Amino acid sequence: MGEEGIELGKILTMERRTFIRNSVLGVAGSAITPNISFAEKYQWFPKKKVITISYNVYQFKGYPETDDTKFMLRDIRPQMPDRMALELELYQPHIVTFQEAPKEQEVKKVAESLGMNYAYFPGGYPGALLTKFEIKSSENCPLESLKDRGELFSRHWGKAILKSPTEEIILYSIHLHPSNDSIRKREVHEILQVMNKDMSNGKSIIFQGDFNHEPIQDEYNLWKETGLIDCYVKKGVEQRNTIKSIFPKRTVDYIWVNKKLEDRLLRCKVLFEGNFRTNPMDARSIALSDHLPVMAEFQ
């Protein structure tokens, strides 16, 4: 790299650090944070595109833990909110959902760094929503036919209504049961009872998370039969496997939308890149999580 390239790299790095620092200092700390919109604060806000990312973040532990990496993981653990924010910032997302989220204070730190509002969904493995849009309301485990979830939704299930500059968006974040097919199918049916009401109200719906089933399983067809569209099937690019971040061999993470958003979908991509993945040639290489994020872009 020439001297001009090195100097440009220094400038871009300084500008990026300044952006993150100013974001942290400029945002008040609350579960649903600033009233001022990101669009008003930063003029480069992409007004003609909406980007959403779903990411199982493995509680910010980092991955994998081996004899070569365990001491490094221990040392960088306090840095994980900052590392996560810096990596996500590269994609300028408007919506991010976490599965296996860390403690709420760490989610809050990421949201503040990105200039986002957030909602936290408690559970056995909590979830979280971070967004540049206004969060009009959020609800943890919005049951329809059950008074008590019992053994269902031992991970998390959250719903939020978001207000963008042009429309309202109903956002569902989910992490289904990983190993018991019977429990997972009951979770699917309960979600569909709630979602079917929203499907008829004319609003845009985004449904994303760690579904813990593959496209060949019955649960996948249940979503399709309801009228939801798998963003990757519609506009996917490159490989679609999401786990694990070393050599991804399975697809369990998805972004689905309703018909209203189908024609506005530009592309869907699994982010097998950057710090989301490991370098198999380096025994000390670590990723932010054992999953890979899924990203969808809309007009």
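The values are calculated or read from the model by the stated rules, or taken from the named source; none is laboratory data. Predicted model, so just to flag it, every value in this text is computed and none were measured. Glycine also receives a Cβ, built like all others from the backbone with ideal geometry; neighbour counts cover every protein chain displayed.
Each row is one residue, and each column tells you yes or no for (1) charged (D, E, K, R); (2) modelled with pLDDT under 95; (3) touching a Phe, Trp or Tyr at 6+ places or on another chain (Cβ under 8 Å).
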{"site": "L228", "(1), (2), (3)": "no, no, yes"}
{"site": "T242", "(1), (2), (3)": "no, no, no"}
{"site": "F247", "(1), (2), (3)": "no, yes, no"}
{"site": "D253", "(1), (2), (3)": "yes, no, yes"}
{"site": "L265", "(1), (2), (3)": "no, no, yes"}
{"site": "C268", "(1), (2), (3)": "no, no, yes"}
{"site": "M281", "(1), (2), (3)": "no, yes, no"}
{"site": "A287", "(1), (2), (3)": "no, no, yes"}
{"site": "E297", "(1), (2), (3)": "yes, no, no"}
Review point. Is it true that V237 is farther than 28 Å from K103 by Cα and surrounded by fewer than 19 Cβ atoms within 10 Å (Cβ to Cβ)?
Key: yes
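Condition check ((1) farther than 24 Å from Q105 by Cβ; (2) touching a residue at least 12 places away in the same chain (Cβ under 8 Å); (3) among the aliphatic types (A, V, I, L, M); (4) surrounded by 13 or more Cβ atoms within 10 Å (Cβ to Cβ)) across all residues:
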residue	(1), (2), (3), (4)
I51	yes, yes, yes, yes
Y55	no, yes, no, yes
G62	no, yes, no, yes
E65	no, no, no, yes
R74	no, no, no, no
P78	no, no, no, no
P81	no, yes, no, yes
M84	no, yes, yes, yes
Exercise for review: Check whether at least one residue in the stretch 270-285 is touching a Pro at 6+ places or on another chain (Cβ under 7 Å), touching a residue at least 40 places away in the same chain (Cβ under 8 Å), surrounded by fewer than 21 Cβ atoms within 10 Å (Cβ to Cβ) and part of a helix (DSSP H, G or I), and report yes or no.
Suggested key: yes
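Here is a yes/no grid of residues against (1) out of contact with any Phe, Trp or Tyr (no Cβ under 8 Å at 6 or more places or on another chain); (2) at pLDDT 95 or above:
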{"position": "I20", "(1), (2)": "yes, no"}
{"position": "L25", "(1), (2)": "yes, no"}
{"position": "A31", "(1), (2)": "no, no"}
{"position": "K41", "(1), (2)": "yes, no"}
{"position": "K49", "(1), (2)": "no, no"}
{"position": "F60", "(1), (2)": "yes, yes"}
{"position": "R83", "(1), (2)": "yes, yes"}
{"position": "H94", "(1), (2)": "no, yes"}
{"position": "T97", "(1), (2)": "no, yes"}
Practice item. Give Y232, Y220 a once-over and let me know the one that is part of a helix (DSSP H, G or I) and either under 16 Å from the mean Cα position of the chain (by Cα) or at pLDDT below 95 (or both). Key: Y232
Check your understanding: Of all residues in the stretch 270-279, which are modelled with pLDDT under 95 and within 20 Å of Y91 (Cα to Cα)?
Key -> T278
Review point. Which pairs do you get when a residue that is over 25 Å from K224 (Cα atoms), found in the stretch 244-256, comes within reach of a residue that is in a strand (DSSP E or B) and of a type outside the set (S, T, Y), reach meaning Cβ atoms under 6 angstrom, with the pair 6+ apart or on two chains?
Key: S245/A287
Revision key, fill the gap. Of all strands (runs of 3 or more DSSP E) fully inside the stretch 123-181, the set with 2 or more residues that are of a type outside the set (A, V, I, L, M) and under 28 Å from Q217 (Cα atoms) is 156-163, 168-175
Study note, to complete from the structure: Going through the stretch 90-117 in order, the residues found to be farther than 24 Å from V252 by Cα and not in a loop (DSSP other than H, G, I, E, B) are E104, Q105, E106, K108, K109, V110, A111, E112, S113, L114, N117
